[in-house]
1. Taking amide hydrogens as modeled 1.01 Å from N in the peptide plane, which residues meet the under 5 Å criterion relative to residue 44, leaving out close sequence neighbours?
2. Packing-wise, with mean Cβ within 10 Å as the measure, how do 128-139, 48-59 rank, highest first?
3. Could the peptides 10-23, 109-122 be put in order, highest first, of the mean number of other beta-carbon atoms found within 10 Å of their residues?
4. Taking the radius of gyration and the Kirkwood hydrodynamic radius from Cα positions alone, what is the Rg/Rh ratio for the chain, to two decimal places?
5. Just grab the label-to-label distance for residue 97 and residue 51, each label 7 Å out from Cα along the Cβ direction, in nm (one decimal).
6. Would you compute, from DSSP H runs of 4+ residues alone, the mean residue ellipticity of the chain at 222 nm, taking -39500 (n - 2.57) per run and dividing by the full residue count, rounded to the nearest 500?
7. Report, to the nearest 10°, how far helix 27-40 tilts away from the longest principal axis of the Cα atoms in the chain, using its own Cα long axis and a range of 0 to 90°.
8. Could you work out the relative contact order of the chain, using alpha carbon pairs under 8 angstrom and six or more residues apart, expressed as a whole percent?
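Values in this text are rule-based calculations from the coordinates and carry no lab data. Computed from a predicted structure; not experimentally measured. Backbone-built Cβ (ideal geometry, glycine too); neighbour counts: all protein chains shown.
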Amino acid sequence: MAMDIKQVGPTFAGEVTGIDLRLPLDAKQVAFVEAGMDEFAVLVFRNQIITDAQQLEFSNNFGRIETSEGGNPTSKPHNRRLRVDMADVSNLNEKQDLFDRFDRRRLFNLGNRLWHSDSAFRATPAKYSLLSARHVPENGPNTEYADMRAAYDALRTG
């Protein structure tokens with residue numbers, strides 16, 4: 001299948017077909033994804049069942065991975081669910097059970113429900129954020145994205 005990106009939003013976001021994320025990317029595929037990010041800002045790869053190792057291999061094509069070490073002060077090495085080079089923004093604990101309502105890790109992660117730009121506060125902001133949804137509920141809540149390029153372009157000058 002040939003690589004393709006179909007625009008899915010009115011000003012941005014594209015759905016990629018023709019790339020299997022379970023397999024290592026070649027230079028042509030990496031360049032295709034980077035060009036797609038430049039044009040669409042958000043790329044969706046539907047129905048890609050990948051492991052953590054496969055996600056990291058894919059991610060490493062686009063630069064150094066930012067670790068989550070020290071990112072969540074409520075998460076300790078003994079209760080991490082994922083490896084340190086993956087940020088865990090789920091609602092599951094290390095036993096794969098839902099967090100208790102008052103679990104400090106759950107409360108800390110509530111900030112992810114608000115509009116934000118990943119790692120914008122860091123000295124070197126992230127080039128890309130790569131999100132993998134492993135278990136998606138049938139109804140809501142959805143991850144939303146905003147096209148800040150279109151917002152900037154729509155500002156009045158002068």
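1. When sequence neighbours closer than 5 places are left aside, the close amide H contacts are 14, 15, 16.
2. 48-59, 128-139
3. 10-23, 109-122
4. Rg/Rh for the chain comes to 0.97.
5. 2.7
6. -6000 deg cm²/dmol
7. 90
8. Relative contact order here is 17 percent.
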